[in-house]
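Notes follow once the structure below has been shown.
The values are calculated or read from the model by the stated rules, or taken from the named source; none is laboratory data. The shown structure was predicted, so the numbers you read here are calculated from the model rather than taken from an experiment. Note that we place each Cβ from the backbone using ideal geometry, even for glycine, and neighbour counts take in every protein chain shown. To get the accessible areas, we keep the full protein, side chains included, count just its heavy atoms, and leave off ligands, DNA and RNA. Shrake-Rupley method; radii C 1.70, N 1.55, O 1.52, S 1.80 Å.
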Amino acid sequence: MQRYLSIFFLILVAFSEVIHAEQPAAEATPPERDPQSWCASVTRVIPQIKPKTCMASALRPVTTRSVMGRSIMLREFRAPQMNAPLVLVIGGIHGDELTSVSIVFRWIELLQQPGYDGPPFHWRVVPLLNPDGLLARPPTRVNARGVDLNRNFPTHNWLSEAPRHWKETTRKDPRRFPGTAPTSEPESRWLHDEIARFRPDVIVSVHAPFDVLDFDGPTNAVEVPARFGRLRLNRIGVDPGSLGNFGGRKEGIPVVTLELPHALEMPNEEELAHVWRDMQDWLKVNLVERPYASANGGRGPVR
Ligand SMILES: [Zn+2]
């Protein structure tokens, strides 16, 4: 009898090990899966976004979740006509750049205004790619496994370049750890796959606090933007594993990166309006008025 009991006990221990291994390492399952709890938590960290505004954004969770099991939320705006140019907007790749999330919520508000008469694009908007980073206390640039998502995309020679760049150029800065393999993280893997599915004509990515506009991509395809509001073009260089490097150089999709001047303090209303207007104008000129044909796999934005 005792032997059976000890066998039973061993099975129980082994089983609990299996269960344990499937749980996220740090804390209990977070509740930020449905829009309501997600908005409640996000707006607690970013009080500039009102819970009502967040809920009114009608975000829906994508099928992939973050390392800690939180939802990655997306809002889609379809154009009335077929073949509209496709624009993918990404905020909050770095969880401690709060303004990069706030501004994307502002854009969602503008896009869903009843009288919106901007250029007819098909938008997919992801205000917060790194929910675990934003909801960490304090918020972190990296995701829950300590990976800088913006160094984790499968750029050319990632395996030789990204770890070397991290060791030598950043001197093993933990805020810039690229991970152990490209797209090792659920958040970056999802975005990588989403780019393959959506095949956007332009990717707009928002960061802070370098106060510049950056551009990666085929320069014969679109006019390199000179400025959005006060953000002026300054091509700050290419890091292995970055979204700009992956989207712009490897995939041939123009990637515009806005680096807002502050990570915690939003630009004023006038500046926000300027940035929005300049971005709309640039997208309109390049995707509607003189759509390119050679880039993006020869497809171009007019389909
Ligand atoms: Zn950033």
| task | Any chance you could count how many residues in segment 48-82 are assigned to a loop (DSSP other than H, G, I, E, B), over 26 Å from Y116 (Cα atoms) and not polar (S, T, N, Q)? | result | 4
| query | Do we find that R137 is within 16 Å of the ligand (Cβ to nearest atom), basic (K, R) and out of contact with any strand residue (DSSP E or B) (no Cβ under 8 Å at 6 or more places or on another chain) in this structure? | reply | no
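Each row is one residue, and each column tells you yes or no for (1) over 15 Å from W38 (Cα atoms); (2) away from the ligand (no atom under 16 Å from the Cβ); (3) modelled with pLDDT of 95 or more.
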| position | (1), (2), (3) |
| --- | --- |
| M68 | no, yes, yes |
| M73 | no, yes, yes |
| L88 | yes, yes, yes |
| G95 | no, no, yes |
| note | Note: among D239, D214, just one is surrounded by fewer than 23 Cβ atoms within 10 Å (Cβ to Cβ) and among the acidic types (D, E), namely D239
| said: Contact list please: Cβ distance under 9 Å, first residue in segment 265-282 and closer than 21 Å to L88 by Cβ, second residue of a type in the set (D, E, K, R), pairs at least six apart or on different chains. | reply: L272/R106; V275/R230; W276/R106; D278/R227; W282/E223
| said: Give me the residue from segment 47-68 that is touching a residue at least 60 places away in the same chain (Cβ under 8 Å) and within 13 Å of V104 (Cα to Cα) and, out of that set, least open to solvent (accessible area, probe 1.4 Å). | reply: S57
| Within the set of pairs 6+ apart or on separate chains, which have a first residue in segment 180-195 that is part of a loop (DSSP other than H, G, I, E, B), a second that is among the hydrophobic types (A, V, I, L, M, F, W, C), and C-beta atoms under 7 Å apart? | P182/F153; P182/W158; T183/F153; S184/V147; E185/V67; E185/V147; E185/L149
| task | Mind listing just one residue for me: the one in segment 145-185 that is β-branched (V, I, T), open to solvent by 20 Å² or more (accessible area, probe 1.4 Å) and away from the ligand (no atom under 16 Å from the Cβ) and, of those, nearest to N245 (Cα to Cα)? | result | T183
| said: Residues to consider are I253, I203; find the one that is assigned to a loop (DSSP other than H, G, I, E, B), crowded, with 21+ Cβ neighbours inside 10 Å and modelled with pLDDT of 95 or more. | reply: I253
